[in-house]
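Novice: Starting off with a structure, shown below.
Quick note: the coordinates plus some simple rules give every number you see, no bench work behind them. All of these numbers come straight from a predicted model, not from anything done at the bench. Cβ atoms come from the backbone with ideal geometry, glycine included; neighbour counts cover every protein chain shown.
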């Protein structure tokens, strides 16, 4: 059996689409496998275009677009795709904005030196925090949460004469 240009186009097209399918379903992201798949598919189209003209080249491009579209539609519905896609619903009562505001006023213990950022422990929770005013706070010092914003939890040391309000 003789190897022909049509065989080359077919092999490149099939390999390219298979590599794209692997990238979509098994190795999500746009990495080397996906890039190689896209290059093989484009290579098959370029060879078809240069050897057989516009009609065949356009047909190869059309077939690869249709098959890729079917893969993109099918991939999230496949067993592997369902494992990769998060299907939980974010309800307003579970958003961080709601429950993190409850930290304000609670007292915890410094777990790692705050210079000015570090970690504290409140009950069983470990929080990344920032000391107000850039203050250096030693391990074991009790601190109170005074502010919670989108990207930071601000604490101040609890003074000896202050009431605890431990949370």
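Novice: Any chance you could give the angle, 0 to 90 degrees and rounded to 10, that helix 54-74 forms with the longest Cα principal axis of the chain?
Specialist: Tilt of helix 54-74: around 40 degrees.
Novice: Order 79-88, 140-149 from most to least packed using the mean count of other Cβ atoms within 10 Å.
Specialist: Taking the mean over residues of other Cβ atoms within 10 Å, the ranking is 140-149, 79-88.
Novice: Could you give the angle, 0 to 90 degrees to the nearest 10, between helix 5-25's Cα long axis and the longest principal axis of the Cα atoms of the chain?
Specialist: Approximately 20 degrees, to the nearest ten.
Novice: Something else: So for 89, 138, 23, fewest C-beta neighbours within 10 Å to most, what's the order?
Specialist: Least crowded to most crowded, the residues run 89, 138, 23.
Novice: Given a Förster distance of 35 Å, report the FRET efficiency between residue 32 and residue 88 from their Cβ-Cβ distance, rounded to the nearest 0.05.
Specialist: E(calc), rounded to 0.05, equals 0.65.
Novice: Separate question: So how much slack lies between residue 139 and residue 102, counting 0.36 nm per residue of separation and subtracting their Cα-Cα distance, in nm?
Specialist: Answer, rounded to one decimal: 11.0 nm.
Novice: Moving to a separate point now. Starting from the Cα coordinates of the chain, work out the convex hull volume and express it per residue in Å³.
Specialist: Taking only Cα atoms, the chain has a hull volume of 198 Å³ per residue.
Novice: Please determine, in degrees from 0 to 90 and to the nearest 10, the orientation of helix 32-52 with respect to the longest principal axis defined by the Cα atoms of the chain, where the helix direction is its Cα long axis.
Specialist: 20
Novice: May I ask you to sort 77, 115 by Cβ crowding, counting other Cβ atoms within 10 Å and putting the fewest first?
Specialist: By the 10 Å Cβ count, ascending, the order reads 77, 115.
Novice: Then there's this: With label points built 7 Å along Cα→Cβ from the Cα atoms of residue 80 and residue 146, find their separation and express it in nm.
Specialist: Roughly 5.3 nm, to one decimal.
Novice: To the nearest 0.05, how large is the calculated FRET efficiency for residue 51 and residue 22 if R₀ is 30 Å and r is the Cβ-Cβ distance?
Specialist: Step by step, r from the Cβ atoms, then E = 0.60.
Novice: Once all Cα-Cα distances of segment 5-84 are split into 10 Å bins that start at 0, what whole-number percent is in each one?
Specialist: Per 10 Å bin, starting at 0, the Cα pair percentages come out as 21, 47, 25, 8, 0.
Novice: Using Cα pairs under 8 angstrom and six or more residues apart, how large is the relative contact order of the chain, in percent?
Specialist: Averaging sequence separation for qualifying contacts and normalising by length gives 14 percent for the chain.
Novice: Right, another one. Using only helices, what value at 222 nm comes out for the chain when you add -39,500 (n - 2.57) per DSSP H run of length 4 or more and divide by the total residues, to the nearest 500 deg cm²/dmol?
Specialist: Dividing the helical sum by the residues of the chain leaves -14500 deg cm²/dmol.
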